[in-house]
Amino acid sequence: ELDELLQLVTQLEGADPPAELIEALRQKSRTTDAKMLRGEIGQLLQGILHGTERTIGIVNSLRNFSRSTNEYFEEADIHEALDAALLILSSRIGPGINIQKAYGQLPPVNCQINKLNQVFVNIINNALQAIGTEGRLTITTTADAQTASISISDDGPGMDAPTLARIFEPFFTTKAAGQGTGLGLSISQNIIQAHGGSIAVSSQAGHGTTFVIHLPLKKL
């Protein structure tokens, strides 16, 4: 509709346009809801802008996620890594999932950030799967003189004691066949231990699950 209207407008080049052209323009104007068109164009442009900003964010997060592929330790921002993990998993965060971030004051942590990214993505992804379509995911960070602590909690169905006792066991999984290898938490535990830290989980059936990661602030 806009293209047809503009075609008529572009014919108004002469000083005295023919009456039939003016009438055709009037007729087209009557049948075209210009106000609605302007609104739709604005919405489309906003959608393009939002999509572009989202793409920029994902690219930046992927850059952060994969920037360090060596085995060396380097200082990194844990909050930036957590935010990158959330953005990478954003397609799994539906409108019914409430993300709450309670970030404290964390100094840079000497770590292999690409491996910690694996841990954060794995634990957050597990939490999102436990929540399903509606619930709350809470990420809390704190630090003292020696340790940075990251807590990732969900209000999903939780786990019973026998499941909790095996949660870090290689190849153990509560997921359906084909949906998990049962290695994610085992690998995550190995990564945290290689950093000189610890990872613990608390859960109760019907009352959600909380993972707490402790990382030393001293250099290894």
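The values are calculated or read from the model by the stated rules, or taken from the named source; none is laboratory data. Here the structure is a predicted model, which is why all the values come from computation and not from measurement. With ideal geometry, Cβ positions are generated from the backbone for all residues, glycine too; neighbour counts draw on all protein chains shown. Accessible surface is based on the protein model in full, side chains and every heavy atom, while ligands, DNA and RNA are left aside. Shrake-Rupley method; radii C 1.70, N 1.55, O 1.52, S 1.80 Å.
The figures follow:
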{"read-out": "Calculated Rg and Dmax of the Cα atoms in Å (choose from (i) 26.8, 88; (ii) 20.3, 65; (iii) 21.9, 77), label", "value": "(i)"}
{"read-out": "Between 0 and 90°, nearest 10: helix 34-66 axis offset from the chain longest Cα axis", "value": "30"}
{"read-out": "About the Cα centre, charge dipole magnitude for the chain (Lys/Arg +1, Asp/Glu -1 at Cβ), debye", "value": "780"}
{"read-out": "Angle in degrees between helix 78-88 and the longest Cα principal axis of the chain, rounded to the nearest 10", "value": "50"}
{"read-out": "Percentage relative contact order, the chain, counting C-alpha pairs under 8 Å, at least six apart", "value": "16"}
{"read-out": "Packing-based ranking, highest mean first, of 43-53, 84-94 given that Cβ atoms within 10 Å are counted", "value": "84-94, 43-53"}
{"read-out": "Euclidean distance of C-alpha centroids, the stretch 200-220 and the stretch 11-40, integer Å", "value": "66"}
{"read-out": "Accessible surface, 1.4 Å probe, highest first, among residues GLU20, GLU80", "value": "GLU20, GLU80"}
{"read-out": "Folded to 0 to 90 degrees: helix 19-31 orientation relative to the chain principal axis, Cα", "value": "30"}
{"read-out": "Accessible-area value, ARG166, 1.4 Å probe, nucleic acids and ligands omitted, Å²", "value": "100"}
{"read-out": "Residue list for the stretch 1-22, given a label point 7 angstrom along the Cα-to-Cβ vector of LEU45 and an amide N cut-off under 18 Å", "value": "1-3, 6"}
{"read-out": "Charge-dipole axis of the chain as Lys and Arg at +1 and Asp and Glu at -1 on Cβ define it, positive-most pick from GLY197, GLY94, LEU45", "value": "GLY197"}
{"read-out": "FRET E, pair GLU75, THR140, Förster distance 25 Å, beta-carbon r, rounded to 0.05", "value": "0.70"}
